[in-house]
Amino acid sequence: MPFLSKKYRVIAVDLIGYGQSDKPQVDYTPEFFRDSILGLLETLSLEKVFMIGTSLGGEIVAECAATQNSTIKKIVMVAPAGIMKKSTPVLDAYTMAALYPNHESVKTAYQMMMGEKKEISSQSVENFISNMTRPNSKMAFLSTLLGMKNSPVITEKLKLIKIPALLIWGDADKMIPIEYSKEFASSIPDCNFVVMNGCGHTPYEEKPNEFSKIVLDFL
């Protein structure tokens, strides 16, 4: 955000069900998240939007763009969910950290996501624990996992995206391995695909300068 906000107005959203946002008793499906974000765009009366999302957020961005909402001009997706339907050891560790949030479980999950030699900030660990111990956080998380697992593979929706898209993937991503990138990239008519070497699932944290330059050049 510090890099992107030098040129653009940046609106960072806590998804409904996550962070400090409300956590209603609903089914947290990709469509539910999509409608929530599109409703936010309408409420804010935004006329021109570049959407950026990572992991689950990347899938939501793709869902929004597939509706061909004229407000959305370009999208950036970082290792998006939506095609992988089986778990990985890193996703298992992340799930355990979400359900049993403590310093050890969260740091282990983050270390697996980013790589053994990457430094994990204590603040990010504290934030995760704080957010996941809020009322209904675990319910929303589990509902999201079930919603993603039971929804169809997003491939057909990706074909409906008519705006320019940027897809970024870390070559060392063990949460959603890069092997899933080919089907994602090839399904979007106008897709720029960039591999960030030496990065895991969070290239925006691992190499923020390089990541921001890639995004800004695309925008």
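State whether the stretch 108-219 is rounded, prolate or oblate according to the following rule on the C-alpha gyration tensor (a ≥ b ≥ c being the square roots of its eigenvalues): a/c under 1.5 gives rounded; otherwise a/b larger than b/c gives prolate, and the remaining case gives oblate.
oblate
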inquiry  = Quick query: amide H of L166 versus all other amide H atoms, modeled in the peptide plane; which residues come in under 5 Å with a sequence gap of 5 or more or a different chain?
reply    = I75, V76, M77, N192
inquiry  = Out of the total accessible area of the stretch 1-131 (probe 1.4 Å, heavy atoms of protein only), what percent is carbon and sulfur?
reply    = 52
Residue-level accessible surface for D217, protein heavy atoms, 1.4 Å, Å² = 100
key: Mean ellipticity per residue at 222 nm, deg cm²/dmol - from DSSP H runs of n ≥ 4 across the chain, formula -39500 (n - 2.57)   = -13000 deg cm²/dmol
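Dipole of the chain, Cα-centred, from +1 at each Lys and Arg C-beta and -1 at each Asp and Glu C-beta, to the nearest 20 debye?
Values: 23 positive and 24 negative charges, 56 e Å.
Taking the Cα centre of the chain as origin, the dipole is about 260 debye.
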inquiry  = Below 10 angstrom from the Cβ of D190, what's the summed charge of the other residues (Lys, Arg +1; Asp, Glu -1)?
reply    = +2
note = Scan of the chain for chymotrypsin sites (Phe, Trp or Tyr not before Pro) in DSSP loops with at most 16 other beta-carbon atoms within 10 Å gives a longest site-free stretch of 9-219
note = Within the stretch 123-219, DSSP-loop trypsin sites (Lys or Arg not before Pro) with at most 14 other C-beta atoms within 10 Å are K159, K162
remark   = XL table K6/K48; K86/K182; K85/K107; K7/K118; Cα-Cα > 19 Å flagged, in table order, is K85/K107; K7/K118
inquiry  = Heavy atoms of the protein only, probe of 1.4 Å, neighbouring chains included. What is the accessible area of E205 in Å², nearest 10?
reply    = 100
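The values are calculated or read from the model by the stated rules, or taken from the named source; none is laboratory data. Remember, predicted model here, so these are calculated numbers, not experimental data. Heads up, the Cβs are rebuilt from the backbone with ideal geometry, glycines too, and the neighbour counts pull from every protein chain shown. The accessibility values were calculated without ligands, DNA or RNA, using every heavy atom of the protein model including side chains. Shrake-Rupley method; radii C 1.70, N 1.55, O 1.52, S 1.80 Å.
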